[in-house]
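Student: There's a structure below that I have some questions on.
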Amino acid sequence: MKFIKVDTYDKLSSIAAGIIAAQVILKSDCVLGLATGSSPLGTYSKLAEKYRNGELDFSRVISVNLDEYVGLDGSCDQSYRYFMDNNLFCNINIARENTYVPNGCAEDLKAEGLAYDQFISKLGGIDLQLLGIGLDGHIGFNEPDEAFVPETHEVVLDPSTIEANARFLASKDQVPTKAITMGMRSIMQAKRILLIANGAKKKEILEKAFYGPITPFVPASILQLHPDVTVVYSEN
Ligand code: GLP
């Protein structure tokens, strides 16, 4: 694992955008695994800047997102599809039909999860997976549990995750309580992983995840078993 500590969110975002940009330049038809949350916002805006400057071409890139809230469709401004469309996809030249987010409105979420995994595997897997980390150690929406779940699956969100995500809504009651998330298999099979964490509040969970025991009660700890992980952390 490569651990890069910087002193500002701006530097974190520049480094993360640089790593993703290098991936797109080296393999123009790469599969990017993308994440939501507040942490990637700076990275996405720097990628858009690089696109505007003519440094990057996303026309052949395929993206697969980690997760989506159950019951929210892309027209809802709290959905992760909406987040991606508005914070990244509309600012770069990726073809919208090449962007994939699990369908949180699918009637059969189990079948949706299975199809999502099969699709990723048909693409040849993810070249570079961007991750954030929740305060309870979740990645995507893989919450602490008795076992790591390999498949894309439906999850009941942890009360602490609902609390943390309430900052994006008027009240806690508006945060959906369920989500569909990519499971650990597709994440762990990604060729490279880039995890970004911002703010002193993430320090303790990073220590547990990367220097503590590997346990499903700290989902991100599974990343200790991945051969190519870069963590970029800014305390401020
Ligand atoms: C949500 C997302 C995660 C993200 C986490 C952390 O729960 N499902 O993918 O990593 O938030 O968000 P933030 O970066 O805002 O701390």
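Student: Taking the Cα-to-Cβ direction at A166 and at K5 and moving 7 Å from each Cα, how far apart do the two end points lie in nm?
Tutor: A separation of 3.2 nm, rounded to one decimal place.
Student: Just reorder R185, R192 by solvent-accessible area, largest first, 1.4 Å probe, all chains present.
Tutor: Numbers: R185 105, R192 75 Å².
Of R185, R192, the descending order of accessible area is R185, R192.
Student: Can you give the direction-averaged projected area of the convex hull of the alpha-carbon atoms in the stretch 124-236, in nm²? Working shown, then result.
Tutor: Details: hull surface 28.6 nm².
Computed as one quarter of the Cα hull surface, the answer is 7.1 nm².
Student: Lys and Arg at +1, Asp and Glu at -1: add these up for the other residues within a Cβ distance under 14 Å of E235 and post the number. Mind dumping the intermediate values first?
Tutor: Values: positive: K5, K11, K201, K202, K203; negative: D7, D10, E204, E207.
Here the charged neighbours net out to +1.
Student: Here's another thing I want to ask about it. Which sequence of C90, C105, C30, C76 reflects their accessible areas, 1.4 Å probe, from the largest down? Spell out each step's value before the answer.
Tutor: Numbers: C90 85, C105 65, C30 0, C76 40 Å².
So the residues, ranked largest to smallest area, are C90, C105, C76, C30.
Student: Determine the per residue accessible area of the stretch 8-81 with all protein chains present and a 1.4 angstrom probe, expressed in square angstrom.
Tutor: Value returned for the stretch 8-81: 39 Å² of accessible area per residue.
Student: Before I look further, what does the stretch 112-184 give for accessible area per residue, probe 1.4 Å, in whole square angstrom? Mind dumping the intermediate values first?
Tutor: Numbers: 3210 Å² over 73 residues.
The answer is 44 Å² per residue.
Student: Once neighbouring chains are kept in place and the probe is 1.4 Å, which whole percent of the accessible area of the chain is contributed by carbon and sulfur? Before the final figure, lay out the partial values.
Tutor: Details: 5480 of 10630 Å².
With neighbouring chains kept in place, the figure for the chain is 52 percent.
Student: So if I place +1 on the C-beta of Lys and Arg and -1 on the C-beta of Asp and Glu, and nothing else carries charge, what would the dipole magnitude of the chain be about its Cα centre? I want it in debye, nearest 20. Could the numbers behind the result be given before it?
Tutor: Values: 22 positive and 30 negative charges, 169 e Å.
Dipole magnitude for the chain comes out near 820 debye.
Student: Let me test this: with uniform point scatterers at the alpha carbons of the chain, what is the Debye-based log₁₀ I(q)/I(0) at q = 0.07 1/Å?
Tutor: Debye intensities relative to I(0), on a log10 scale: -0.20.
Student: Over the Cα atoms of the stretch 129-181, Rg to Rh with Kirkwood Rh, two decimal places? Present the calculation step by step, with values, prior to reporting the outcome.
Tutor: Working: Rg = 11.3 Å, Rh = 11.7 Å.
When Rh is taken as the Kirkwood radius, the ratio is 0.96.
Student: Gap in Å between the Cα centre of the stretch 12-81 and the Cα centre of the stretch 163-227?
Tutor: Computed from Cα coordinates, the inter-centre distance equals 18 Å.
Student: For the pairs K27/K203; K110/K178; K46/K122; K5/K178; K2/K46; K46/K178, flag any whose C-alpha to C-alpha distance is greater than 25 Å. Before the final figure, lay out each step's value.
Tutor: On the way: K27/K203 33 Å; K110/K178 13 Å; K46/K122 30 Å; K5/K178 33 Å; K2/K46 22 Å; K46/K178 31 Å.
The pairs that break the limit, which is 25 Å between Cα atoms, are K27/K203; K46/K122; K5/K178; K46/K178.
Student: Helix-only estimate, please: 222 nm mean residue ellipticity of the chain, summing -39500 (n - 2.57) across DSSP H runs of length 4 or more and dividing by its residues, to the nearest 500.
Tutor: Working: 7 runs with 73 residues, N = 236.
It comes out at -9000 deg cm²/dmol, rounded to the nearest 500.
The values are calculated or read from the model by the stated rules, or taken from the named source; none is laboratory data. Just so it is clear, the model here is predicted, and its values are computed rather than measured. Backbone-built Cβ (ideal geometry, glycine too); neighbour counts: all protein chains shown. Remember, those area values only see protein heavy atoms, side chains included, never the ligands or the DNA or RNA. Shrake-Rupley method; radii C 1.70, N 1.55, O 1.52, S 1.80 Å.
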